[in-house]
Amino acid sequence: RKSFAKHFHPFSEYDWVNIAKEKKLEVVQKDFLEILKQQKPDYCFMQLQNPINMSVPMIREMAKHTKIINWSGDIRHTKEWYEWFIAIGEQIHLTLFTNETDVDILKSRGVNADYLQVGFDNVWYQRKNRIKTYPEIVYCANDYGNFQLSPYRAEVAKALNRTFGKKFRIFGSGWKKHGLYDTPINNEQEADVYNSCKIAISVSNFHHKRYYS
C-alpha cells in the first residue's frame, strides 16, 4: 500500500474487507463498481483468492472501467479453484501468483498470468534484542492436515523434535495430534522468535516452483 501511494498519483484505496463487516458483500461490491465508473483509474490492484468473494459477472463489470491486476498469495489444489481463477483471469488485465506452477497452468489456458512473490513487512520484522528463553531451532507453521505436503511437514517437525529436543520448538497450531507443542503466535511474537533463533525451518504446504509459504 505504501509503495502504491508513493509511486502512483493519484492513488486511492478501498478496504472492502473491513467495509463488508458492516454491509453485505454484494452492496460493497456495487459501491466499489460505482467508484470505478466515476474515477476510471488506469489500474486497479486486487487480492482475490477465494471464489466466495467475487463472481465472474461482477468482475466483468468492474473490468469495463479499469485494468484489473489480481494477486493471490494462496494456493489450493482443486479443480474448482483453478476454474474460478481461469474464469476471473479471462476478464481482467493480469493475474499474479507467488509461485510459477500456477502461472504455467493459467498460461496454458490462455490467461495472462505472471509471478510476484510476497514482500516482507518491514514494520514488524526488524532486528530486535534476542530473547534467551527461545530455542536455537524454530519452525513457525500450522498443521492443516489436508494439503499436498502436510504429511511431510509433520514428519519434519517430529524428526527435528526427536533429534534436537529442547533446542527445537515448533510455533503454530494443529500439532497436538502429533505429540508436539501447540503454541499459536501472532506476527509480533513471530518476529521475536526469528530474532532469537539460530536456524528457522521453512517447509511449505505445496511443492510448487519458486513458492515459499
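Once a ≥ b ≥ c are taken as the square roots of the eigenvalues of the Cα gyration tensor of segment 95-213, is the result rounded (a/c under 1.5), prolate (a/b larger than b/c) or oblate (a/b not larger than b/c)?
Here segment 95-213 falls in the oblate category.
Using a Gaussian network model on the chain with a 10 Å cutoff between Cα atoms, which of Ser196, Ser173, Ser12 fluctuates the most?
Greatest mean-square fluctuation among the candidates belongs to Ser12.
In deg cm²/dmol and to the nearest 500, what is the mean residue ellipticity at 222 nm of the chain if only DSSP H runs of at least 4 residues count, each as -39500 (n - 2.57), divided by the residue total?
After summing the helix terms and dividing by residue count, I get -10500 deg cm²/dmol.
Which value, in nm² and rounded to one decimal, describes the direction-averaged projected area of the C-alpha convex hull of the chain?
It is 13.9 nm².
Give the aspartates and glutamates reachable from Lys158 as a straight Cα distance under 15 Å; neighbours fewer than 8 places away on the same chain don't count.
Asp143, Asp182
If you roll a 1.4 angstrom probe over the protein chains with everything in place, what fraction of the accessible area of segment 34-116 belongs to carbon and sulfur, to the nearest %?
Solvent-exposed carbon and sulfur of segment 34-116 make up 49 percent of the total.
Before I look further, what does segment 164-211 give for accessible area per residue, probe 1.4 Å, in whole square angstrom?
57 Å²
Would you look at the GNM of the chain, springs on alpha carbons closer than 10 Å, and say which of Ile185, Ile19, Ile199 moves the most?
Of Ile185, Ile19, Ile199, the most mobile in the Gaussian network model is Ile19.
Using only alpha carbon positions, build the gyration tensor of segment 1-77, then give the equivalent ellipsoid semi-axes as the square roots of 5 times its eigenvalues, largest first, whole angstrom.
Three semi-axes, in Å: 19, 16, 14.
Between the helical axis of 187-196 and the dominant principal axis of the chain, each derived from Cα atoms, what acute angle in degrees is found, rounded to the nearest 10?
Value to nearest ten degrees: 40.
Take the alpha carbon gyration tensor of segment 83-165, find the square roots of its eigenvalues, order them as a ≥ b ≥ c, and report rounded if a/c is under 1.5; if not, report prolate when a/b exceeds b/c, else oblate.
Oblate shape, in that a/c is at least 1.5 and b/c is the bigger or equal ratio.
Give me the extension gain from Arg162 to Asn187: residue separation times 0.36 nm, minus the current Cα-Cα distance, reported in nm with one decimal.
Length difference between fully extended and current span is 6.3 nm.
For Lys209, list the aspartates and glutamates whose Cα falls under 18 Å from its own Cα; do not include residues on the same chain fewer than 8 positions away.
In chain and number order, the partners are Asp74, Glu100, Asp102, Asp104, Asp114.
For the pair Val17/Asp104, report the inter-label distance in nm, with labels modelled 7 Å from Cα in the Cβ direction.
Once both label points are built, they end up 3.0 nm from each other.
Count the net charge of all other residues whose Cβ sits under 9 Å from the Cβ of Trp175, scoring Lys and Arg as +1 and Asp and Glu as -1.
Neighbourhood net charge equals 0.
The values are calculated or read from the model by the stated rules, or taken from the named source; none is laboratory data. Being a predicted model, the structure only gives us computed values, none of them experimental. FYI the Cβ positions are ideal-geometry reconstructions off the backbone, even for glycines, and counts take in every protein chain you see. Ligands, DNA and RNA are stripped out before the accessible areas are found, and what is left, the full protein with its side chains, is counted by its heavy atoms. Shrake-Rupley method; radii C 1.70, N 1.55, O 1.52, S 1.80 Å.
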